[in-house]
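Data block below; observations after.
Any read-out appearing in this document is the output of simple, stated calculations on the displayed coordinates, not a laboratory observation. It should be emphasised that the depicted structure is a prediction, and the values quoted were computed from it without experimental measurement. With ideal geometry, Cβ positions are generated from the backbone for all residues, glycine too; neighbour counts draw on all protein chains shown.
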Amino acid sequence: MAGFVGYYRVSTRAQERSGLGLDAQKAAVAAYVRSVGGSLS
């Protein structure tokens, strides 16, 4: 099983409001890691 480290960042309030905020990034990273059978640190 591969291990991954997530890195999330939002640089502007507009980016967060656009749907690319932290929650969306975390969900996308978690979905990818699950799809490849990895684990998130």
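Take the chain, drop everything but the C-alpha atoms, weight them equally and run the Debye formula without solvent; then report log10 I(q)/I(0) at 0.16 Å⁻¹ to two decimals.
Summing over Cα pairs of the chain leads to -0.43.
Using the Cβ atoms and a cut-off under 14 Å, what net charge is assigned to the surroundings of TYR8, where Lys and Arg are +1 and Asp and Glu are -1?
0
Per residue of region 30-36, what does 6.51 cos²θ - 1.76 cosθ + 1.60 with θ = phi - 60° give for ³J(HN,Hα)? Whole Hz please, x for Gly and Pro, Karplus curve as stated.
4, 5, 5, 4, 4, 5, 9
Count neighbours as other Cβ atoms within 10 Å of each site's Cβ, and list the chymotrypsin sites (Phe, Trp or Tyr not before Pro) in the chain that are DSSP loop with at most 16 such neighbours.
Passing sites in the chain are TYR7, TYR8.
Using modelled amide H (1.01 Å from N, peptide plane; none on Pro or chain starts), what sits under 5 Å from the amide H of LEU40, excluding residues fewer than 5 places away?
Answer set, sorted by chain and number: PHE4.
Report the full-extension gain for the segment ARG9 to SER41: residue separation times 0.36 nm, less the Cα-Cα distance, to one decimal in nm.
This chain segment gains 9.9 nm when fully extended.
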